[in-house]
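Colleague: Structure in structure tokens, see below.
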Number of protein chains: 2
Amino acid sequence: MSRQDQEHACKAYTELKSRFRDVGRLEAIGEVLGRDFLTAMPEGAYKSRLAQIAYLYRRIQQDLVNKDVQRLIEDAQDHEEAYPNLWSRENHANLREMVRVYYDHSLIGEELMEHNARIINEGRRNHKAAMERNDWHIAKRHLTEVLDVEKRIAEKKMRARGAEGLYDALLQDYCPGCSLSQVEKWFGKLEEELRILLPQVVDKQSGRMAPVPVADFYPAESQMWMNEELLGLFGFDFERGGLYQTGHNPVEGGTPDDTRLVIKSVDTDNFLDSMKSALHELGHGIYIQGLPRAKWRYQPVAKDMGAAMHESQAMVIEMMIGRTREFFNFLAPRLEGLFHAMNDPALRADNLYAIKTRVRPGTDRKKADEISYFFHILLRFRIEKDLIESRMNIEDLPKVWAERLHDMLGVFPENDAEAVLQDVHWFVAKFGYFPSYTIGHMIAAQLWEKMQTDIPKIFSRIEEGDFVPLTQWLTKNIHAKGRIYSMSELLNDLTGSAPSPDFLLAHLENRYLGDG
Amino acid sequence: MSRQDQEHACKAYTELKSRFRDVGRLEAIGEVLGRDFLTAMPEGAYKSRLAQIAYLYRRIQQDLVNKDVQRLIEDAQDHEEAYPNLWSRENHANLREMVRVYYDHSLIGEELMEHNARIINEGRRNHKAAMERNDWHIAKRHLTEVLDVEKRIAEKKMRARGAEGLYDALLQDYCPGCSLSQVEKWFGKLEEELRILLPQVVDKQSGRMAPVPVADFYPAESQMWMNEELLGLFGFDFERGGLYQTGHNPVEGGTPDDTRLVIKSVDTDNFLDSMKSALHELGHGIYIQGLPRAKWRYQPVAKDMGAAMHESQAMVIEMMIGRTREFFNFLAPRLEGLFHAMNDPALRADNLYAIKTRVRPGTDRKKADEISYFFHILLRFRIEKDLIESRMNIEDLPKVWAERLHDMLGVFPENDAEAVLQDVHWFVAKFGYFPSYTIGHMIAAQLWEKMQTDIPKIFSRIEEGDFVPLTQWLTKNIHAKGRIYSMSELLNDLTGSAPSPDFLLAHLENRYLGDG
């Protein structure tokens, strides 16, 4: 790869690179403001900080969308057409991504962009308030505003992208190259199969003793020590990041130079929750840290491949590797020492495995088992589609949620906090995000199958806490490639198959109906 | 006062206000980046963060210095001349300050500005490294670069401001309205009088028993609790700020919405150091928090009056109030409880007073007593003047420092860390700053005399920990006025006298040769 500060044969492209580098700097500044906002900022700075963040994004918008940039893009495209062999694969992809970023931003005016940035940053606080007070009215007010803005944005995106519909247009933000009809097919297959698998597994497990619950006092510092050690064992670079707690929901984010992961404050009654969160964010974190840095810092081609791929990285760690028997064999004896609980039956490896693979439908997405998880996503996917395409009113949300959840999983939420208020996504305007979890889960299973072939002695490595080769495989094959390829291209090259739900179904059958 | 978003009769001025508000937002973002840089950022983000900060200041420069702003300023000035009665005192001052900011920035090109911003942020790290390794060579390399840039800046400022010389031009950045010849006069008077006072006080104190040293184990959390409580008792608003520790030197700064004070990590052998630092930063903090906020947020007239006035606020708290007998009467019994040291002779009020008023020349500015402090400043003032005006070479700095220090105070530094490396100021390009401490000390004494007249029962209030009325007096008479007045105007109005060293001399004679 050529260094980004080297001149490209096309002057216009060299200038574009310099402009996108500067935009990247402003975005990195925005990440710092956001992280500080959540972890360190005094409460009273709230309003002024929101305005600062909104203003920063307005500037980014102005820097990206103007006649200069438009002309530079046209010149660069002309150059590429005239001299294709002067354009490396990376520069080609970088220009393509520049164009995408440019059009995405040009669709949305400054006002709308600033409004959106403000809503997103307010959303976390409003969500927290609504959750804590179990108050649907706070939520309704905020979500009504969000939905209004998101529909306007979706409208613009739909037209520009020739999308199948409003929701399809938003979906593409998180899973570039996906289409709603494709996702419907995948989810249809999963629904069909998992409606059968779920009761089979519940039935199989009902013959067993219930696992011993993890219910002791687990000091917060001990939990955080273990969480940080796990990050370290996977090769997370603490020189360029760290793990923090906050009263808010977890957030990933940051840049390859500054990857601060944030999980929800540790629950001293249950170390599994914070560990789950830490492993999940770890997957996001190593993705961010593994993105191209030295030569392509801040360039669009050096960004991640979108939310679906990002979630796949989180799920490979959290669900694939982090729920193997071998992982618990590694973990269990160390937990006994850490928590001063010698031979505690709750901490036995097979008991922890039983807890983490116990399939039992519930109301909480984040605590859901690996099979019913899909239905939580399906529920949200259908609801957000209906909301965005105006087939449903915000007022009906709690009722519809409860009904559909019951239809799918046979459980009823006790209150709004347990139901429609549990996720922060809609509050921060992430309509179209939820499918990324299941698509990520699918891809995680697809990658996991390939990792088992590629990495010698993978299970004994896991049992020994030798996780770095797993991270290296992910970095080499995915992280370091930035956005050069589309998700389909990359998966086809790597695994010989486009994204498909078959890998996930095979994985779930194997883990839940296999020898376990 | 009119709200800042209200239209002024002059359209150009309304537009200027909006532009300066946006610049203020970017500056506030810069403050957050700087605070995060010092307190939370992972080490590995160092280089990229420096580039982000430098880039941000380049943007500020571009926003301020351009033909649009120039034209708007001219239009606003024309309007004010034509319709002076449409211009309130605040708007008049705001326009004047806009002009000042504009000319200050227009003197210095983008490149130089970016270079300067980068050096300043690197400076803290280089200073820390030089200190820790007692390595003059690290310092020399960095200071040579700084001096080169500062001389270029001083040259431009000197010409534009018609200053008396290079150093005078820099001095005015920190003490607007001061001149070098004025400062020379003040310092000459102080030198003359304090050369006499210092040995008298040393002589008087030599007849006494030395105070019992504070030398126990004082847990860091207990110290920080007390430091925070003191902030609270003075009315520091923790909703809009806080107190933090760092491995670096202390920094004040922030905005009225987000005033995070940073002191050097607590020394568990001596609580007086961290308390001194906390009281000092508290003075800065209440100044920042007391600046006009609601109606004038981000406008130039709502800024502080410069470093000299800022230091006066720190010194009123730290040196005037914080070294009264009454302050220690309040503090002492609480310290006994806090540190589990009942009737500890070291913690007795009169012993603490004796420690904090003990006059004994040493090498360390920050640990200096209230009288020899002046000579530390005089030393630095003369050296930096010589450096900036090329009467001295960087190479000679350690030697000259040691010689002059000995001439003034009769002590020799043992090494460079104890001498020329002890202050961060030159490393972060603050040439011309040091006189602000002594000018601040002078003003603090001047204000302190007036406070004793204005605030009923001030000493018994201090003895009871009832400090809020003192803060309120400072806020009403100084903080809330932003930059409407010059320092001389404000002091004349408030105390009936322009800044003068007489108040400081009277205070020192009273405290050190009086009944104590």
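The values are calculated or read from the model by the stated rules, or taken from the named source; none is laboratory data. Please read all numbers here as calculations on a predicted model, not as lab measurements. A quick note on method: Cβ atoms are made from the backbone with ideal geometry, for glycine too, and the neighbour counts reach across all protein chains shown. Ligands, DNA and RNA are stripped out before the accessible areas are found, and what is left, the full protein with its side chains, is counted by its heavy atoms. Shrake-Rupley method; radii C 1.70, N 1.55, O 1.52, S 1.80 Å.
Colleague: In peptide A:406-415, what is the residue-averaged number of other protein chain Cβ atoms found within 10 Å of each Cβ?
Modeller: 0
Colleague: Now for a separate question. Rounded, prolate or oblate: which fits segment A:118-255, taking a ≥ b ≥ c as square roots of the Cα gyration tensor eigenvalues, rounded meaning a/c under 1.5, else prolate when a/b beats b/c?
Modeller: Oblate shape, in that a/c is at least 1.5 and b/c is the bigger or equal ratio.
Colleague: Roughly how many percent of the accessible protein surface of segment B:400-466 is carbon and sulfur, given a 1.4 Å probe and a whole-percent answer?
Modeller: 45 percent
Colleague: Which is farthest toward the positive dipole end of segment A:1-130 among A:G123, A:I53, A:L86, measuring Cα position about the Cα centre, with Cβ charges +1 (Lys, Arg) and -1 (Asp, Glu)?
Modeller: A:G123
Colleague: When the solvent-accessible surface of protein heavy atoms is calculated with a 1.4 angstrom probe, in what order do B:K399, B:K128 fall, highest first?
Modeller: Descending accessible area places them as B:K399, B:K128.
Colleague: What does the accessible area per residue of the protein assembly as shown come to in Å², with a 1.4 Å probe and no ligands, DNA or RNA counted?
Modeller: Here the residues of the protein assembly as shown average 40 Å² of exposed surface.
Colleague: So what J values fall out for segment B:202-207 if you push phi through Karplus, 6.51 cos²θ - 1.76 cosθ + 1.60 with θ = phi - 60°, rounded to Hz, Gly and Pro as x?
Modeller: Values, residue by residue: 4, 4, 4, 6, 5, x Hz.
Colleague: Averaged over its residues, how many other protein chain Cβ atoms are within 10 Å of peptide B:51-64's Cβ atoms?
Modeller: Counting Cβ atoms of other protein chains within 10 Å of each residue's Cβ and averaging gives 3.
Colleague: If you don't mind, another one. Show the residues, 5+ positions off or on another chain, whose built amide H is closer than 5 Å to the amide H of A:T255.
Modeller: Result for A:T255 returns A:R260.
Colleague: Amide H neighbours of A:G241 under 5 Å, counting only residues 5+ apart in sequence or on other chains, H built in-plane at 1.01 Å?
Modeller: Placed amide hydrogens put A:T259, B:G44 under 5 Å from A:G241.
Colleague: When the Cα atoms of segment A:1-85 are enclosed in a convex hull and the volume is divided per residue, what value in Å³ results?
Modeller: Given the Cα convex hull of segment A:1-85, per-residue volume reads 99 Å³.
Colleague: For a protection proxy built on the mean count of beta-carbon atoms within 10 angstrom, sort B:180-186, A:504-510, A:202-208 highest first, please.
Modeller: A:504-510, B:180-186, A:202-208
Colleague: How large is ³J(HN,Hα), in whole Hz, for each residue of segment A:102-114 in order, when computed from phi with the Karplus curve 6.51 cos²θ - 1.76 cosθ + 1.60 and θ = phi - 60°, using x for Gly and Pro?
Modeller: 4, 5, 4, 6, 6, 5, 10, x, 4, 4, 5, 4, 5
Colleague: Quick one: divide the alpha-carbon radius of gyration of segment A:79-147 by 2.2 N^0.38 Å and tell me what you get.
Modeller: 1.85
Colleague: At what distance in angstrom do the alpha carbon centres of segment A:287-321 and segment A:203-278 lie from each other?
Modeller: 20 Å
Colleague: Give the A-B buried accessible area in Å², both sides summed, 1.4 Å probe, nearest 100.
Modeller: Adding both sides of the contact gives about 2700 Å².
Colleague: Something else about it: Using +1 on the beta carbon of Lys and Arg, -1 on that of Asp and Glu, and nothing else charged, what's the dipole of chain A about the Cα centre, debye to 20?
Modeller: Roughly 540 debye for chain A.
Colleague: For the modelled label position 7 Å from the Cα of B:F217 along Cα-to-Cβ, which residues of segment B:260-278 have backbone nitrogen atoms closer than 12 Å?
Modeller: Taking a point 7 Å out along Cα→Cβ of B:F217, the residues of segment B:260-278 whose backbone N falls under 12 Å are B:268-269.
Colleague: Just the C-alpha atoms of segment B:211-284: what Rg/Rh do they give, with Rh taken as the Kirkwood radius?
Modeller: My calculation puts Rg/Rh at 0.99.
Colleague: Using a probe of 1.4 angstrom, how much of the accessible area of segment A:113-271 is carbon and sulfur, in percent?
Modeller: 50 percent
Colleague: Quick one: what Rg and Dmax do you get for segment A:1-153 from the alpha carbons, in Å?
Modeller: Final numbers for Rg and Dmax: 19.4, 62 Å.
Colleague: Which cysteines in the protein assembly as shown lack any other cysteine whose Cβ sits under 4.7 Å from their own Cβ?
Modeller: A:C10, B:C10
Colleague: Turning to a different aspect of this structure: What is the spin-label model distance, in nm, from A:D68 to A:D407 if the labels are put 7 Å beyond Cα along the C-beta direction?
Modeller: Between A:D68 and A:D407, the label points sit 5.4 nm apart.
Colleague: Give me the mean projected area, in nm² to one decimal, of the convex hull enclosing the Cα positions of chain A.
Modeller: 23.4 nm²
Colleague: Please list, in order along segment B:269-278, the HN-Hα scalar couplings obtained from phi with the Karplus expression 6.51 cos²θ - 1.76 cosθ + 1.60 (θ = phi - 60°), rounded to whole Hz, x for Gly and Pro.
Modeller: Couplings: 8, 8, 6, 5, 5, 5, 5, 4, 5, 5 Hz.
Colleague: Under Stokes-Einstein, with the Kirkwood radius over Cα pairs standing in for Rh, what whole-number D in µm²/s applies to segment A:392-516 at 4 °C and 1.567 mPa s?
Modeller: 73 µm²/s
Colleague: Ratio of segment B:332-420's C-alpha Rg to 2.2 N^0.38 Å, to two decimals?
Modeller: Working it through for segment B:332-420, the quotient is 1.49.
Colleague: Taking each residue of A:26-35 in turn, how many C-beta atoms of other protein chains fall within 10 Å of its C-beta, and what is the average?
Modeller: 4
Colleague: OK, next. Applying 1/(1 + (r/R0)^6) with R0 = 60 Å to the Cβ-Cβ distance of B:N85 and B:D515, what FRET efficiency is obtained, to the nearest 0.05?
Modeller: Between B:N85 and B:D515 the formula returns 0.65.
Colleague: Let me ask something additional. Give me the dipole magnitude in Debye, nearest 20, for segment A:13-171 about the Cα centre, with unit charges on the beta carbon: positive for Lys and Arg, negative for Asp and Glu.
Modeller: The calculation lands at about 560 debye.
Colleague: Taking a threshold of 18 Å on the Cα-Cα distance, which of the pairs B:K140/B:K430; A:K185/A:K356; B:K276/B:K367; A:K295/A:K481 fall above it?
Modeller: In this structure, A:K185/A:K356 lie more than 18 Å apart at Cα.
Colleague: Does the protein assembly as shown classify as rounded, prolate or oblate by the C-alpha gyration tensor (a ≥ b ≥ c root eigenvalues; a/c under 1.5 gives rounded; else a/b over b/c gives prolate, otherwise oblate)?
Modeller: Verdict is prolate for the protein assembly as shown.
Colleague: Something else about it: On C-alpha positions alone, give me the angle between the axis of helix A:435-454 and the longest principal axis of chain A, in degrees, nearest 10.
Modeller: The two axes meet at around 80 degrees.
Colleague: What are the residues whose amide H is under 5 Å from the amide H of B:K264, where those residues sit 5 or more places off or on another chain and H is modelled from the backbone?
Modeller: When sequence neighbours closer than 5 places are left aside, the close amide H contacts are B:T246.
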